[in-house]
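Note sheet for the following structure.
Just so it is clear, none of the values below were taken in a lab; they were calculated from the coordinates. Just so it is clear, the structure is predicted and the values come from calculations on it, not from any experiment. Here the Cβ is made from the backbone with ideal geometry for all residues, glycine too, and neighbour counts use every protein chain on show.
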Amino acid sequence: MKPILPESRYHLIPLDEIGGYKVRPGIFEINGATAIPGGVNFTIHSNQATCCELLLFHRTEHEPYAVIPFPENYRVGNVYSMIVFGLQIEEFEYAYRVEGPFDPKNGLIFNRENVLLDPYAKAVTGQSVWGRRVESVKNPYHARVVRDDFDWEDAKPLLTPLEDTVIYEMHVRGFTKDISSGVRSPGTFEGIIEKIPYLLELGVTAVELMPIFEFDEMKDFREHGGKQLLDYWGYNTVSFFAPNTSYASKVEYNQEGNELKHLIKKLHENGLEIYLDVVFNHTAEGNENGPVISFKGLDNQIYYILTPDGYYYNFSGCGNTLNCNHPIVQQMILECLRYWVITYRIDGFRFDLASILGRNEDGSPMSKPPLLQSLAFDPILGNVKLIAEAWDAGGLYQVGDFPSWNRWVEWNGRYRDDMRSFLKGDNGKAGLAVTRIFGSEDLYDDRVGCKASVNFITCHDGFTLYDLYAYNEKHNEANGWDNTDGSNDNVSWNCGAEGETDNPDINRLRMRMIKNAAAVLFLSRGIPMFLAGDEFGNTQFGNNNPYCQDNIISWLDWGLLKKHKSLFEFFKYMIAFRKKHDPVRMHTAACSFGFPELSAHDVVPWETNFSGDAHYAGIMYAGRTGGEDDCVYVAINTYWEALTIRLPKLPLGACWYQAVDTFEEEGIARKAVKPEEDIWIRERSVMVFEVGKVYE
């Protein structure tokens, strides 16, 4: 967003001179550093600071070559703003020093020795090379001024309806870092561009990137078992306005973000939306033992939720909790999201541990959190998808109860848990499974219906889909915590052997279980999401918390795509099948058969038995697609023996056609079913049927 800065506003005002630079009061309402004709405008605010200095650095140097204090008359309220003339943005990096009271018990920890990163920095230096530690520097982070001259041409937002959305969650580095990916620029935004044809073939409509804001992968760096362990996932934000420069394939001096913009432009040109996983619940500054990077040094007592004695509440599980509903923090978050939508054309945001965004300044949950409400009604965010991970590490669980205003949708953790349990054959789960498949109407009936539910069985946090059926227990020994980290409740089943096995029967069963999960996921009402690599059986070798594994544990092994080609083809087929049948995804006009829109069945049509020992569920969708009657019947047998079932009777001229049988190796079938024919659904398998004309 480029402000209009008419030169006539400045050239008649006499200039001051400080430290050899011509300066004058700046543009107080524009936060951060902004290039203007003839110079750069610097604006920063602090409620408790008593004075502020601008530091200018040459590239790669850690001592400033210029220190320019803000004169007292360059301060309005709590905002310091100054235009420095004669600066060329390619020639410097910048940071700040501030002074103020030191009273830790009241949250005030000002220290003039701290070099502070601009909270509104659009590009951050100091750790641009992945995995390279900056030694002997208290705060290695400086900011750059970005020249925003990217040409979006006539690009327009895609605005894919929620009911048509299929989300593919990926880690930028892990998606292509392994040599098996075959890309020229592995582990980068450019590497994803090279894989766009693959994403199109698969059929997803949106990619959801794990954190790409500038973060510190060297946080908690350590070695274990001969491997370097990093903060690979990136859930420790250093700067909310700056892209992670180590995800670019080349250095982009003062044009940081252009490669990411190029990726977004290419995704949009190919009909793919992009969502960002954003972390506004905590920062990389950690607790009282963590570094002072930015927020602590400017207004510690404002940016963080503090205990009465000045320590950090830890509802995030990561050392601190951002004070999201303080007006200043609200403003920063809103400006940040607006910036990413305007400048980067982002289509949606997934909010990590989003329940924290609804906590008050004392940590208590709020009934109508002002931050969530302002995001829901903000005009610039009006068409943006807002996706909440509706829980936090402090025990607040709001799935089905997240403040919505009919704008927020949720990661449905109950879908994940109930479907995992039902699919592996647990007792007493059939009724819950039907409810989840029908869009979790028990959770979302008073909001936007099934469109509020992001359905998933796997995500970055936990087992991959392959590991879900290859391991009974987590195997996180490589993380260095004696296998104590990560969830112990995985609702998984190893199919008879822990980990890799040469037993062909077990391996066939595992492939069938994966296909069962995929078939049910893509034929559930709501928004399906799955983890990158699940479509070809990627494994993390039983690690359900690989946050620190920058290696093949977390990287996708693209060699498995060839090994499990039929699995990939099945995912592709099921996504296309979902798109083909409107009644699966949304409310439609009623079909002429007299069937209800949604119905559940036992092995005998129109009967239901969801007692404790029930392991079968028949699901039928009925409606219209393209003006034609359209019915889909999903038969799910999680029992360890085969069953005989019948399908609902169709009127004369219509016929059921089998489309899927996961018991078969390919899983894909196309054959007519004779009227009122007994159908043999084999153990632990899913069959899918669609209506067609008798003589198709």
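Could you tell me the center-to-center distance, by alpha carbons, between the stretch 619-635 and the stretch 195-209 in angstrom?
27 Å
Return the sequence-ordered ³J(HN,Hα) values of the stretch 176-188 in whole Hz as given by the Karplus equation 6.51 cos²θ - 1.76 cosθ + 1.60 applied to θ = phi - 60°, using x for Gly and Pro.
Once rounded to whole Hz, the list reads 10, 5, 5, 4, 5, 5, x, 8, 7, 10, x, x, 10.
Full-extension gain between residue 200 and residue 442, please, as 0.36 nm times their residue separation minus the C-alpha to C-alpha distance.
Gain in length upon complete extension: 83.7 nm.
At R0 = 51 Å, how high is the FRET efficiency between residue 683 and residue 156 if r is their beta carbon distance? Nearest 0.05 is fine.
That gives a FRET efficiency of 0.55.
For the stretch 327-346 and the stretch 518-534, what is the centre-to-centre distance using only Cα atoms, to the nearest Å?
After rounding, the separation between the Cα centres reads 30 Å.
Work out the FRET efficiency for residue 149 and residue 218 from their Cβ-Cβ distance, taking R0 = 30 Å, and round it to the nearest 0.05.
Taking R0 as 30 Å, the efficiency between residue 149 and residue 218 is 0.45.
How long is the gain from residue 657 to residue 488 if the chain were fully straight, where each residue apart is worth 0.36 nm and the alpha carbon distance is subtracted?
Extra length available between residue 657 and residue 488 comes to 56.7 nm.
Show me, for the stretch 659-670, the HN-Hα J-couplings you get by feeding each phi into the Karplus relation (A = 6.51, B = -1.76, C = 1.60, θ = phi - 60°), rounded to Hz, glycine and proline as x.
Ordered by residue, 3J(HN,Hα) equals 10, 9, 9, 5, 5, 6, 4, 7, x, 10, 9, 8 Hz.
So if I take the centroid of the Cα atoms in the stretch 26-52 and the same for the stretch 232-252, what is the distance between those two points in Å?
For the stretch 26-52 versus the stretch 232-252, the Cα centre distance is 24 Å.
In what sequence do 655, 450 fall when counting other Cβ within 10 Å, fewest first?
In order of increasing Cβ crowding within 10 Å: 655, 450.
State, as an integer percentage, the relative contact order of the chain based on alpha-carbon contacts under 8 Å between residues 6 or more apart.
Computed value for the chain: 10 percent relative contact order.
Sort 249, 364, 487 so that the residue with the fewest other Cβ atoms within 10 Å of its own Cβ comes first and the one with the most comes last.
364, 487, 249
Would you calculate the separation in nanometres between label points at residue 552 and residue 374, each defined as 7 Å from the Cα along the Cα-to-beta-carbon direction?
4.9 nm
Hey, what angle do you get for helix 327-344 against the long axis of the chain, alpha-carbon based, 0 to 90 degrees rounded to 10?
Roughly 70 degrees between the two axes.
What FRET efficiency, computed as 1/(1 + (r/R0)^6) with R0 = 56 Å and r the Cβ-Cβ distance, is obtained for residue 103 and residue 576, rounded to the nearest 0.05?
0.35
Using only DSSP helix segments of four residues or longer, with each worth -39500 (n - 2.57), what per-residue ellipticity at 222 nm results for the chain after dividing by its residue count and rounding to 500?
After summing the helix terms and dividing by the residues of the chain, the value is -5500 deg cm²/dmol.
Starting with the highest mean, order 609-617, 346-354 by the number of other Cβ atoms within 10 Å, averaged over the residues of each peptide. Spell out each step's value before the answer.
Details: 609-617: 15.4, 346-354: 24.6.
The packing order, highest mean first, is 346-354, 609-617.
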